[in-house]
Amino acid sequence: KSVNQSLVYENCKADEDEVEDMYLALKKAKDEFPMIEAISSGAILSTYQRVRIESVCDRLNLSSLSYLWRMHPQRELLEKMLEDGIEAILVKTACPPCLVPSRHLKQTLGSLYYSGLFHKLHEKFRFHYCGEGGEYESLVIDCPIYERRLVIDESEIIVSDDGVGELVIKKCHSVEKNENPKAHTLEPSCESSKLANADEKTITGDRDEISFKVCCLPHCKRATGGLLHFSEIISQTMPQVSPETLEGDKAVEEALEIFELLRYGLLQYGCNPHDVIFVHLYLSEMSHFSNINKHYQRFFGTLLPPSRSCVAVGSNLPGGRRVMLDCIVQIGSGAFMRKRDEGGNYTTSALANDNSPLRQVLHVQSISHWAPVCVGPYSQVNTL
């Protein structure tokens, strides 16, 4: 069952939430087939479903493929699936009186759609063509990549007191298709190990944290609505490294000190990295990015991270430094979005004031047609 029903999903105990069942199943699959690199899902509209799949993929170091998510309006998407040869039957209906179990279960999506039924229901009840409102569940019995077609031999329709119907399949078998069964078999691509637009997500080789004494607080300007602006955060002194140290390693040392300075500054206002909305990251060379990004992810995490811009500015950083950071913060917003704080001073006042609302986050980690993929530690959008 679903225990955590928030749009933001954080790990539950193994026996508490259905998402953890999916995690265990996919972990077992990956253990048995280590060549697995990604999970493809049929999420179309639901953010609730997408974030749970992304959470599991993030923990298993898999890429989430959600090419149908927000790809087209539902009517257009359903038409395209039917035109592409997807043959599916209804196996559950949960929207009485729109769909009647005895009449519509075991019917194909094509017959129901082309009869005009779905359009009539949409016009009258705002029925979701693809069932994204939970109106129905379907089972694909044939499609171009299937080598054999599924045939239902014996089934039973069960209807609950509230009108929800379910098709219980008791016996089935598969048959050869008329076409060449190999015609639509997907061949492994020579680029299979390089998923398009997928960034490396694994954190490896974490170096020991540097230790230093904080000489001064980062510059911070406070605004209404619990907003803070930390600016021009740089390492307090040039890192003490040997002449043989590579430029990239020197940049990492500076970045680690900057993150600790920011953490110390956030604590002075009762904040933590979860409250950061937006980050400007300035580098002397873009080649430093990949090494710093691993530590950036460890600092900000991957759940509802801040949006980010990263630019290379050459030798224009103060004192010949290699890294500088600015950021915008909203006090308490991180805890509020994670449902850990329902009544803090700033969250309470922000909820009551239309002129200083709490942030909202769009963080799509799946590779899809709808949004630029952000499999790294940054969100596409943070709005206020």
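The values are calculated or read from the model by the stated rules, or taken from the named source; none is laboratory data. All figures in this text were calculated on a predicted structure; none of them were measured in a lab. All Cβ positions, even for glycine, are placed from backbone atoms using ideal geometry, and neighbour counts span all protein chains on display. Side chains included, ligands, DNA and RNA excluded: accessible areas come from the protein's heavy atoms. Shrake-Rupley method; radii C 1.70, N 1.55, O 1.52, S 1.80 Å.
Some values worked out for this structure:
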read-out: Considering residues of region 131-163 that are small (Gly, Ala, Ser) and outside any strand (DSSP E or B) only, the residue surrounded by the fewest Cβ atoms within 10 Å (Cβ to Cβ); value: Ser160
read-out: So Tyr67, is it within 30 Å of Glu20 (Cα to Cα) and either open to solvent by 60 Å² or more (accessible area, probe 1.4 Å) or within 24 Å of the chain's Cα centre (by Cα) (or both); value: yes
read-out: Condition broken by Ser115, with the remaining ones in (1) touching a strand residue (DSSP E or B) at 6+ places or on another chain (Cβ under 8 Å); (2) modelled with pLDDT under 90 satisfied; value: (1)
read-out: Count of region 121-130 residues which are without any contact (Cβ under 8 Å) to a residue 60 or more places away in the chain and either of a type in the set (Val, Ile, Thr) or assigned to a loop (DSSP other than H, G, I, E, B) (or both); value: 3
read-out: Some residue of region 81-96 being among the polar types (S, T, N, Q), in a loop (DSSP other than H, G, I, E, B) and either closer than 21 Å to Ala43 by Cβ or open to solvent by 20 Å² or more (accessible area, probe 1.4 Å) (or both); value: no
read-out: Only one of Val276, Val313 that is at pLDDT 90 or above and more than 19 Å from the chain's Cα centre (by Cα); value: Val313
read-out: Residues located in region 252-291, provided they are more than 13 Å from Cys327 (Cβ to Cβ) and not in a helix (DSSP H, G or I); value: Gln268, Gly270, Leu283, Ser284, Glu285
read-out: Subset of region 250-268 (residues that are among the acidic types (Asp, Glu), under 17 Å from Leu317 (Cα atoms) and either open to solvent by 20 Å² or more (accessible area, probe 1.4 Å) or touching a residue at least 60 places away in the same chain (Cβ under 8 Å) (or both)); value: Glu253, Glu254
read-out: Enumeration of residues in region 27-66 that are modelled with pLDDT of 85 or more, part of a loop (DSSP other than H, G, I, E, B) and among the hydroxyl-bearing types (Ser, Thr, Tyr); value: Ser41, Ser66
read-out: Residues being within 25 Å of Thr237 (Cα to Cα), in a helix (DSSP H, G or I) and either of a type in the set (Gly, Ala, Ser) or open to solvent by less than 40 Å² (accessible area, probe 1.4 Å) (or both) - total across region 312-337; value: 2
read-out: Residue list for region 279-293, restricted to those being open to solvent by 60 Å² or more (accessible area, probe 1.4 Å) and in contact with a Ser or Thr (Cβ under 8 Å, 6 or more places away or on another chain); value: His280
read-out: Top-ranked residue of region 8-26 - restricted to ones that are closer than 25 Å to Pro305 by Cα and surrounded by fewer than 14 Cβ atoms within 10 Å (Cβ to Cβ), ranked as modelled with the lowest pLDDT; value: Ala14
read-out: Boolean, Met71 is of a type in the set (A, V, I, L, M) and in a loop (DSSP other than H, G, I, E, B); value: yes
read-out: Members of region 27-64 that are touching a strand residue (DSSP E or B) at 6+ places or on another chain (Cβ under 7 Å), open to solvent by 50 Å² or more (accessible area, probe 1.4 Å) and touching a residue at least 40 places away in the same chain (Cβ under 8 Å); value: Glu37
read-out: Considering residues of region 223-238 that are of a type in the set (Gly, Ala, Ser) and surrounded by 14 or more Cβ atoms within 10 Å (Cβ to Cβ) only, the residue modelled with the highest pLDDT; value: Ser231
read-out: Near pairs, Cβ below 9 angstrom, 6+ apart or cross-chain, from region 300-311 (outside any loop (DSSP other than H, G, I, E, B)) to any residue that is polar (S, T, N, Q); value: Ser307/Ser379; Ser307/Gln380; Ser307/Asn382; Arg308/Ser379; Cys310/Asn293
read-out: Residue match in region 105-112 (condition: of a type in the set (Ser, Thr, Tyr), under 22 Å from Leu45 (Cα atoms) and either assigned to a strand (DSSP E or B) or modelled with pLDDT of 90 or more (or both)); value: yes
read-out: Condition met for Lys250 (under 27 Å from Arg359 (Cβ atoms), out of contact with any helix residue (DSSP H, G or I) (no Cβ under 8 Å at 6 or more places or on another chain) and at pLDDT below 90); value: no
